[in-house]
Amino acid sequence: MRDYIRRRVWWSAAFAVGGWLMFPLGAVIEQSLPEGAARAAVWIVGFVMFAGAILALQRFVRCPKCKARLGQTIAMPVAFSWGSGPKVNFCPFCGVNLDEPLPRPQSPPQSLNPIQ
Ligand SMILES: [Zn+2]
């Protein structure tokens, strides 16, 4: 369950970073692009990717059990906590243990990580 949330946050974060990268990249590409729509497109793509990632974080990162949106609460600590320090272990809305398996496993058993 923790991995499920983490994966979704990571996808969103990857798009957000991609969107951010479009800005310095856009500044470079801009020099070689013709005046007009093509230049604007670079910035628009970057902005859309970034905004889309934020929206995805808000909308798609949910507790697998109670479907509460976790984007503004525990998504970041769950996804980006490594090693030491206190960890988020429970959904703040329904209290489900994040180390429990998903309620409806979508992957076959053999793909589960044996070291758990
Ligand atoms: Zn929950």
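The values are calculated or read from the model by the stated rules, or taken from the named source; none is laboratory data. Remember, predicted model here, so these are calculated numbers, not experimental data. All Cβ positions, glycine included, derive from the backbone under ideal geometry; neighbour counts span all protein chains shown. Accessible surface areas use protein heavy atoms only, side chains included; no ligands, DNA or RNA. Shrake-Rupley method; radii C 1.70, N 1.55, O 1.52, S 1.80 Å.
Just a few scattered comments:
- Within the stretch 63-88, being open to solvent by 60 Å² or more (accessible area, probe 1.4 Å), more than 12 Å from the ligand (Cβ to nearest atom) and within 14 Å of ARG2 (Cα to Cα) holds for MET76, PHE80, TRP82, LYS87.
- Single residue of PHE23, PHE50, PHE93 found to be more than 17 Å from ASP3 (Cα to Cα), within 16 Å of the ligand (Cβ to nearest atom) and either exposed (fewer than 13 other Cβ atoms within 10 Å of the Cβ) or not hydroxyl-bearing (Ser, Thr, Tyr) (or both): PHE93
- Subset of the stretch 26-43 [open to solvent by less than 80 Å² (accessible area, probe 1.4 Å) and either among the β-branched types (Val, Ile, Thr) or in contact with a Pro (Cβ under 6 Å, 6 or more places away or on another chain) (or both)]: ILE29, VAL42
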